[in-house]
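Chemist: Pasting a structure below so you can have a look.
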DNA sequence: CGCGCCGTTGATCCCGGTCAAGTTGCGTGG
DNA sequence: CCACGCAACTTGACCGGGATCAACGGCGCG
């Protein structure tokens with residue numbers, strides 16, 4: 001079951017500001033941009049490239065990652081449908097990281113002027129986009145906390161709970177079970193651990209009845225316990241409808 | 001030796017866009033905002049507070065940090081003079097982290113409308129500020145790479161080289177020696193290690209003739225070797241004058 | 001002059017890394 | 001329909017970087 005991207009995106013942005021019918025129309029117009037498709041494991045854009053377009057994910061999962069010269073890889077961000085991969089980075093001359101597809105990804109390649117016009121014509125959307133970027137930055141800070149201070153079980157637990165909330169917020173995980181296409185190696189590169197230890201830790205969580213995970217699905221069996229283990233603090237996702245005040249009627 | 005903040009800030013922003021005399025005048029006017037002072041170890045703002053002003057650091061070092069319920073602390077960002085602590089976060093309802101002073105910090109408390117007017121009146125400054133935020137985000141990504149994939153020596157080496165470049169870019173470290181007020185405990189909270197291991201690792205780097213560090217100064221003795229050890233890749237700081245094109249004359 | 005923070009040192013432990021082999025499952029082609 | 005191949009997952013044995021626990025020394029400050 002797929003959903004149109006302006007739907008997922010609109011749904012996300014509405015967490016910050018209630019959008020008018022006109023706003024939603026403007027978002028739907030983003031679908032006029034070319035739709036591109038990349039296979040799993042392929043790059044959307046690689047480090048050093050000059051970013052020319054803004055990528056808006058339509059379906060599939062992708063990740064932002066960086067390499068060290070010794071070959072080690074760190075995933076520094078995950079994208080689900082409705083996420084902008086690089087809303088602003090076209091400002092920078094060269095990209096300092098790469099973006100790769102995890103599952104098959106389809107995305108809209110928006111020319112920067114399209115964003116600039118959208119922000120100009122629909123200031124409430126512009127503000128919501130800024131808010132969205134701030135949430136992304138907040139997630140990055142939480143990931144720093146995770147890598148610096150959480151142990152193996154806490155790292156995985158926190159990632160699972162976060163992604164559950166993020167996927168649910170776009171309406172794709174109502175029942176606690178959702179598509180989760182990361183391999184254990186991807187998980188290892190995300191949590192800064194080895195694949196072997198990632199595997200063993202996942203098995204622990206499984207045996208304790210906290211999660212139910214197969215090759216491409218993740219089930220959260222005991223959200224409360226998992227959140228407690230992770231020391232999950234929902235605040236950083238800013239899930240509460242912060243922008244009740246910023247109403248379309250105003 | 002202190003320097004006026006608009007000087008440090010202007011210098012930084014000019015890495016992206018050449019500013020006109022009018023632009024510089026507008027930056028200088030930021031100094032009309034109230035100047036506040038906080039003692040070392042005190043907070044500028046704490047998690048959960050409602051951010052009401054934009055803080056522009058004038059002198060001293062500060063850090064952004066997060067706590068886990070078990071008491072562990074992670075520093076997720078460092079601020080030197082001329083840095084905005086939270087250019088945009090007043091958009092968010094509640095702060096998801098705290099900002100604390102490391103040395104004595106003086107900062108301008110800018111009302112949000114002052115920034116909004118500045119960005120509106122001087123679009124080139126607005127664009128330079130956006131660029132500056134993107135560089136901050138890039139630094140966060142590199143820190144994720146550090147915490148996930150670098151070992152103890154590499155972590156410290158990378159931090160030292162990064163801060164050297166950042167301090168030099170505001171004109172405070174011409175000779176490779178500069179003020180560095182972090183305690184070893186602060187360093188431990190930044191690198192995700194224990195104070196004990198931080199201490200031992202610093203001693204290694206000292207004995208190898210890479211650094212020269214006393215209670216509040218850091219000297220980079222062998223920048224090339226330290227950069228190599230850290231696998232430092234200057235790209236993420238976007239130090240090259242990226243915005244030659246965005247000239248004030250245009 | 002004494003208290004507290006910071007840096008230093010030593011002894012010991014353990015979480016997670018490393019190395020090395022399987023095993024399972026799925027897509028591909030004969 | 002089966003054989004093959006590859007990628008992902010699993011398991012076991014061992015190792016080691018960094019954590020932990022516990023003192024102690026130095027220096028800045030009241």
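Chemist: If we scan segment A:137-149, do we find a residue that is farther than 30 Å from residue B:116 by Cβ, over 19 Å from the mean Cα position of the chain (by Cα) and within 12 Å of DNA strand D (Cβ to nearest atom)?
Modeler: yes
Chemist: Do we find that residue B:89 is within 27 Å of residue A:127 (Cα to Cα), touching a helix residue (DSSP H, G or I) at 6+ places or on another chain (Cβ under 6 Å) and either in the same structural domain as residue B:159 (by TED's automatic domain parsing) or in contact (Cβ under 8 Å) with a residue 12 or more places away in the chain (or both) in this structure?
Modeler: Answer is no for this residue.
Chemist: Hey, another quick one. If a residue has to be within 12 Å of another protein chain (Cβ to nearest Cβ), touching a strand residue (DSSP E or B) at 6+ places or on another chain (Cβ under 6 Å) and more than 22 Å from residue A:131 (Cα to Cα) to count, how many in segment A:36-87 make the cut?
Modeler: Residues in segment A:36-87 being within 12 Å of another protein chain (Cβ to nearest Cβ), touching a strand residue (DSSP E or B) at 6+ places or on another chain (Cβ under 6 Å) and more than 22 Å from residue A:131 (Cα to Cα): 7 in total.
Chemist: Now for a different question. Can we say residue B:113 is under 27 Å from residue B:42 (Cα atoms), in contact with a helix residue (DSSP H, G or I) (Cβ under 6 Å, 6 or more places away or on another chain) and away from DNA strand C (no atom under 13 Å from the Cβ)?
Modeler: So residue B:113 fails the test.
Chemist: Have a look at B:101, B:128 and point out the one that is in the same structural domain as residue B:29 (by TED's automatic domain parsing), at pLDDT below 95 and closer than 21 Å to residue B:9 by Cβ.
Modeler: B:128
Chemist: Identify, from the list B:150, B:155, the residue that is in contact with a helix residue (DSSP H, G or I) (Cβ under 6 Å, 6 or more places away or on another chain) and under 23 Å from residue A:155 (Cβ atoms).
Modeler: Details: B:150 fails: in contact with a helix residue (DSSP H, G or I) (Cβ under 6 Å, 6 or more places away or on another chain).
Testing whether each residue is in contact with a helix residue (DSSP H, G or I) (Cβ under 6 Å, 6 or more places away or on another chain) and under 23 Å from residue A:155 (Cβ atoms) leaves just B:155.
Chemist: Now for a separate question. Tell me, yes or no, whether segment A:217-238 has at least one residue that is closer than 26 Å to residue B:148 by Cα and within 12 Å of DNA strand D (Cβ to nearest atom).
Modeler: Yes, segment A:217-238 contains a residue that is closer than 26 Å to residue B:148 by Cα and within 12 Å of DNA strand D (Cβ to nearest atom).
Chemist: So which residues in segment A:184-212 are away from chain B (no Cβ under 14 Å), free of Cβ contacts under 8 Å to residues at least 40 places away in the same chain and within 20 Å of residue A:143 (Cβ to Cβ)?
Modeler: A:184
Chemist: Applying the selection to segment B:192-202, what residues are within 18 Å of residue B:228 (Cα to Cα) and more than 8 Å from DNA strand D (Cβ to nearest atom)?
Modeler: B:202 - this is the single residue of segment B:192-202 that is within 18 Å of residue B:228 (Cα to Cα) and more than 8 Å from DNA strand D (Cβ to nearest atom).
Chemist: Run residue A:171 past the list (1) over 30 Å from residue A:21 (Cβ atoms); (2) under 17 Å from the mean Cα position of the chain (by Cα) and report the number of the one that doesn't hold.
Modeler: (1)
Chemist: With respect to the numbered conditions (1) more than 19 Å from the chain's Cα centre (by Cα); (2) within 25 Å of residue A:189 (Cβ to Cβ), which one is the sole condition not fulfilled by residue A:45?
Modeler: Among (1) more than 19 Å from the chain's Cα centre (by Cα); (2) within 25 Å of residue A:189 (Cβ to Cβ), residue A:45 violates only (1).
Chemist: Right, another one. For residues that are more than 11 Å from the chain's Cα centre (by Cα) and buried (at least 21 other Cβ atoms within 10 Å of the Cβ), tally how many sit in segment A:73-85.
Modeler: So the answer is 2.
Chemist: What is the one condition in (1) under 18 Å from the mean Cα position of the chain (by Cα); (2) within 12 Å of DNA strand D (Cβ to nearest atom) that residue A:214 does not satisfy?
Modeler: (1)
Chemist: From the set of residues in segment A:100-124 that are assigned to a helix (DSSP H, G or I) and touching a strand residue (DSSP E or B) at 6+ places or on another chain (Cβ under 8 Å), which is farthest from the other protein chains (Cβ to nearest Cβ)?
Modeler: A:114
Chemist: Which residues, counting only those in segment B:213-235, are without any contact (Cβ under 8 Å) to a residue 12 or more places away in the chain and over 30 Å from residue A:67 (Cβ atoms)?
Modeler: B:214, B:215 - these are the residues of segment B:213-235 that are without any contact (Cβ under 8 Å) to a residue 12 or more places away in the chain and over 30 Å from residue A:67 (Cβ atoms).
The values are calculated or read from the model by the stated rules, or taken from the named source; none is laboratory data. No experiment lies behind these values; they were computed from the predicted model shown. So basically every Cβ, Gly included, is an ideal-geometry build from the backbone, and we count neighbours across all protein chains shown.
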